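What follows is a short report on a single structure.
The values are calculated or read from the model by the stated rules, or taken from the named source; none is laboratory data. If you're wondering where the values come from, they're calculated on a predicted model, not measured in any experiment. All Cβ positions, even for glycine, are placed from backbone atoms using ideal geometry, and neighbour counts span all protein chains on display.
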Amino acid sequence: MSFQVVDHPLIKHKVGLLRRIDTSISHFRQLMQEITIMLTYEATRDLLLKPREIMTWMGPVEAQRISGKKISVVPILRAGLGMLDGVLTLIPSARVNVVGLYRDEKTLYPVIYYKKFNKDIQIRDALIIDPMLATGHSMAKVCEMLTDEGCKNIKSLCIVAAPEGVAYMNENYPDVMIFAAALDDRLNEEGYIIPGLGDAGDRIFGTK
Ligand code: URA
(Lines give C-alpha, C1' and ligand atoms only; values in the text may rest on other atoms or scores of the structure.)
Protein backbone atom coordinates (compact mmCIF):
# COMPACT_ATOMS: atom_id res chain seq x y z
CA MET A 1 0.00 0.00 0.00
CA SER A 2 1.39 3.43 -0.96
CA PHE A 3 0.47 5.10 2.30
CA GLN A 4 2.49 5.96 5.38
CA VAL A 5 1.49 7.59 8.63
CA VAL A 6 4.67 9.36 9.65
CA ASP A 7 5.15 8.02 13.13
CA HIS A 8 6.77 10.56 15.44
CA PRO A 9 5.83 11.74 18.94
CA LEU A 10 6.08 15.41 17.92
CA ILE A 11 3.65 14.84 15.05
CA LYS A 12 1.18 13.03 17.33
CA HIS A 13 1.42 15.83 19.89
CA LYS A 14 0.91 18.56 17.30
CA VAL A 15 -2.02 16.74 15.64
CA GLY A 16 -3.65 16.61 19.09
CA LEU A 17 -3.26 20.39 19.37
CA LEU A 18 -4.66 20.89 15.85
CA ARG A 19 -7.77 18.92 16.76
CA ARG A 20 -8.60 21.12 19.76
CA ILE A 21 -11.57 23.38 19.15
CA ASP A 22 -9.91 26.17 21.16
CA THR A 23 -6.73 26.29 19.05
CA SER A 24 -6.41 29.82 17.65
CA ILE A 25 -6.07 30.54 13.93
CA SER A 26 -2.45 31.61 14.29
CA HIS A 27 -1.55 28.53 16.31
CA PHE A 28 -3.43 26.30 13.84
CA ARG A 29 -1.39 27.76 10.94
CA GLN A 30 1.85 27.37 12.84
CA LEU A 31 1.10 23.74 13.78
CA MET A 32 0.16 22.89 10.20
CA GLN A 33 3.43 24.37 9.01
CA GLU A 34 5.47 22.48 11.61
CA ILE A 35 3.78 19.15 10.83
CA THR A 36 4.29 19.74 7.09
CA ILE A 37 8.01 20.29 7.67
CA MET A 38 8.21 16.84 9.30
CA LEU A 39 6.15 15.21 6.53
CA THR A 40 8.38 16.85 3.91
CA TYR A 41 11.48 15.55 5.68
CA GLU A 42 10.11 12.01 5.47
CA ALA A 43 8.80 12.31 1.90
CA THR A 44 12.17 13.51 0.58
CA ARG A 45 14.31 10.71 2.03
CA ASP A 46 14.90 9.22 -1.42
CA LEU A 47 16.10 12.41 -3.16
CA LEU A 48 19.20 11.72 -5.20
CA LEU A 49 22.50 13.36 -4.33
CA LYS A 50 25.53 14.12 -6.39
CA PRO A 51 29.02 14.85 -5.10
CA ARG A 52 30.58 18.23 -5.75
CA GLU A 53 33.92 19.63 -4.70
CA ILE A 54 33.68 22.78 -2.60
CA MET A 55 36.33 25.05 -1.12
CA THR A 56 36.42 25.13 2.67
CA TRP A 57 38.66 26.79 5.27
CA MET A 58 41.03 23.81 5.07
CA GLY A 59 41.01 23.34 1.30
CA PRO A 60 38.83 21.42 -1.18
CA VAL A 61 36.30 18.92 0.26
CA GLU A 62 33.72 16.73 -1.47
CA ALA A 63 30.17 17.75 -0.45
CA GLN A 64 26.77 16.42 -1.48
CA ARG A 65 24.10 18.32 -3.38
CA ILE A 66 20.57 17.35 -4.36
CA SER A 67 20.70 16.43 -8.04
CA GLY A 68 18.08 16.91 -10.74
CA LYS A 69 15.43 19.53 -11.35
CA LYS A 70 13.78 21.34 -8.48
CA ILE A 71 10.65 19.75 -7.00
CA SER A 72 7.27 21.17 -7.88
CA VAL A 73 4.88 21.58 -4.97
CA VAL A 74 1.24 21.39 -5.96
CA PRO A 75 -1.11 22.97 -3.39
CA ILE A 76 -4.80 22.23 -3.91
CA LEU A 77 -6.78 25.43 -3.24
CA ARG A 78 -7.55 26.56 -0.82
CA ALA A 79 -6.55 24.49 2.22
CA GLY A 80 -3.37 23.24 0.54
CA LEU A 81 -1.94 26.76 0.92
CA GLY A 82 -1.82 26.13 4.67
CA MET A 83 0.92 23.55 4.07
CA LEU A 84 2.92 25.50 1.50
CA ASP A 85 5.23 27.39 3.87
CA GLY A 86 6.09 24.10 5.57
CA VAL A 87 7.37 22.58 2.32
CA LEU A 88 9.14 25.79 1.29
CA THR A 89 10.91 25.98 4.65
CA LEU A 90 12.82 22.82 3.74
CA ILE A 91 12.83 23.24 -0.07
CA PRO A 92 12.94 27.02 -0.61
CA SER A 93 13.64 26.79 -4.33
CA ALA A 94 10.73 24.44 -5.10
CA ARG A 95 8.44 25.56 -7.91
CA VAL A 96 4.82 26.12 -6.93
CA ASN A 97 2.08 24.83 -9.26
CA VAL A 98 -1.38 25.72 -7.99
CA VAL A 99 -4.62 23.85 -8.71
CA GLY A 100 -8.12 25.06 -7.83
CA LEU A 101 -10.97 22.54 -7.72
CA TYR A 102 -14.60 22.79 -6.75
CA ARG A 103 -17.10 20.00 -6.20
CA ASP A 104 -19.90 19.66 -8.76
CA GLU A 105 -23.09 19.56 -6.70
CA LYS A 106 -24.74 17.00 -9.01
CA THR A 107 -21.94 14.55 -9.71
CA LEU A 108 -20.02 15.35 -6.47
CA TYR A 109 -16.82 15.06 -8.51
CA PRO A 110 -14.12 17.75 -8.62
CA VAL A 111 -14.04 20.28 -11.45
CA ILE A 112 -10.93 22.35 -12.29
CA TYR A 113 -11.39 26.13 -12.03
CA TYR A 114 -7.72 27.13 -11.85
CA LYS A 115 -4.45 25.62 -12.95
CA LYS A 116 -1.00 27.18 -13.27
CA PHE A 117 1.79 24.72 -14.02
CA ASN A 118 5.46 25.15 -14.93
CA LYS A 119 6.18 24.48 -18.61
CA ASP A 120 8.68 21.77 -17.66
CA ILE A 121 6.58 20.22 -14.89
CA GLN A 122 6.94 16.80 -16.55
CA ILE A 123 10.64 16.58 -15.66
CA ARG A 124 10.16 17.51 -12.01
CA ASP A 125 9.11 15.39 -9.05
CA ALA A 126 5.68 16.58 -7.90
CA LEU A 127 4.54 16.89 -4.29
CA ILE A 128 0.79 17.44 -3.93
CA ILE A 129 -0.30 19.10 -0.69
CA ASP A 130 -3.81 19.05 0.76
CA PRO A 131 -4.40 18.78 4.51
CA MET A 132 -7.53 16.59 4.38
CA LEU A 133 -7.57 13.39 2.30
CA ALA A 134 -11.32 12.75 2.55
CA THR A 135 -12.92 10.95 -0.45
CA GLY A 136 -9.62 11.11 -2.36
CA HIS A 137 -11.38 12.50 -5.44
CA SER A 138 -9.53 15.84 -5.45
CA MET A 139 -6.15 14.21 -4.89
CA ALA A 140 -6.87 11.72 -7.69
CA LYS A 141 -7.98 14.54 -10.03
CA VAL A 142 -4.68 16.34 -9.46
CA CYS A 143 -2.79 13.08 -10.06
CA GLU A 144 -4.69 12.77 -13.35
CA MET A 145 -3.74 16.35 -14.31
CA LEU A 146 -0.07 15.76 -13.47
CA THR A 147 0.02 12.40 -15.25
CA ASP A 148 -1.57 14.02 -18.32
CA GLU A 149 1.26 16.57 -18.28
CA GLY A 150 3.78 13.70 -18.27
CA CYS A 151 4.82 13.73 -14.58
CA LYS A 152 6.22 10.39 -13.56
CA ASN A 153 7.15 10.80 -9.94
CA ILE A 154 4.25 12.03 -7.79
CA LYS A 155 3.95 12.00 -4.00
CA SER A 156 1.45 13.64 -1.72
CA LEU A 157 1.31 15.02 1.79
CA CYS A 158 -1.76 15.37 3.96
CA ILE A 159 -2.31 16.06 7.63
CA VAL A 160 -5.32 13.80 8.22
CA ALA A 161 -6.43 10.93 5.96
CA ALA A 162 -9.69 8.96 5.93
CA PRO A 163 -9.57 5.23 5.06
CA GLU A 164 -11.99 5.92 2.18
CA GLY A 165 -9.57 8.41 0.58
CA VAL A 166 -6.58 6.15 1.02
CA ALA A 167 -8.48 3.25 -0.58
CA TYR A 168 -9.62 5.43 -3.52
CA MET A 169 -6.07 6.66 -4.16
CA ASN A 170 -4.62 3.17 -3.89
CA GLU A 171 -7.15 1.87 -6.38
CA ASN A 172 -6.62 4.66 -8.90
CA TYR A 173 -3.03 5.82 -8.33
CA PRO A 174 -1.22 2.99 -6.53
CA ASP A 175 2.20 4.44 -7.40
CA VAL A 176 1.53 7.76 -5.66
CA MET A 177 2.97 7.53 -2.18
CA ILE A 178 0.90 9.40 0.42
CA PHE A 179 2.48 10.68 3.65
CA ALA A 180 0.03 11.57 6.42
CA ALA A 181 0.27 12.78 9.99
CA ALA A 182 -2.81 10.76 11.06
CA LEU A 183 -5.22 8.14 9.74
CA ASP A 184 -8.70 8.75 11.16
CA ASP A 185 -11.81 6.57 11.48
CA ARG A 186 -14.17 7.41 8.63
CA LEU A 187 -16.09 10.03 6.65
CA ASN A 188 -19.49 11.29 7.79
CA GLU A 189 -22.44 11.79 5.41
CA GLU A 190 -21.26 15.31 4.58
CA GLY A 191 -17.80 14.14 3.62
CA TYR A 192 -16.05 15.37 6.77
CA ILE A 193 -13.33 13.25 8.32
CA ILE A 194 -14.24 11.88 11.75
CA PRO A 195 -12.78 12.94 14.14
CA GLY A 196 -10.68 15.07 11.73
CA LEU A 197 -10.11 18.79 12.20
CA GLY A 198 -13.40 20.22 10.98
CA ASP A 199 -13.18 22.44 7.89
CA ALA A 200 -9.43 22.89 7.46
CA GLY A 201 -9.81 25.81 5.03
CA ASP A 202 -12.02 27.72 7.47
CA ARG A 203 -9.60 27.07 10.32
CA ILE A 204 -6.58 28.23 8.27
CA PHE A 205 -8.22 31.29 6.78
CA GLY A 206 -10.51 32.21 9.69
CA THR A 207 -13.62 32.18 7.51
CA LYS A 208 -15.98 30.85 10.13
N1 URA B 1 -12.20 18.95 4.03
C2 URA B 1 -12.07 19.48 5.26
O3 URA B 1 -11.69 20.64 5.40
N4 URA B 1 -12.36 18.70 6.32
C5 URA B 1 -12.76 17.43 6.20
O6 URA B 1 -12.99 16.78 7.21
C7 URA B 1 -12.89 16.89 4.90
C8 URA B 1 -12.61 17.68 3.83
Only one of ILE159, ILE204 is in contact (Cβ under 8 Å) with a residue 12 or more places away in the chain and within 20 Å of GLU42 (Cα to Cα). Can you tell me which? ILE159
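Yes or no: THR23 part of a loop (DSSP other than H, G, I, E, B), surrounded by 12 or more Cβ atoms within 10 Å (Cβ to Cβ) and not small (Gly, Ala, Ser)? Please lay out each step first, then the result.
Working: part of a loop (DSSP other than H, G, I, E, B): yes; surrounded by 12 or more Cβ atoms within 10 Å (Cβ to Cβ): yes; not small (Gly, Ala, Ser): yes.
Taking the combined requirement at face value, the residue satisfies it.
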Among (1) modelled with pLDDT of 95 or more; (2) within 11 Å of the ligand (Cβ to nearest atom), where does GLU190 come up short? (1)
Being in a helix (DSSP H, G or I) and crowded, with 22+ Cβ neighbours inside 10 Å is the filter; apply it to segment 141-165 and report the residue that is nearest to the ligand (Cβ to nearest atom). GLY165
Tally, over segment 82-109, of residues that are in a strand (DSSP E or B) and modelled with pLDDT under 95: 2
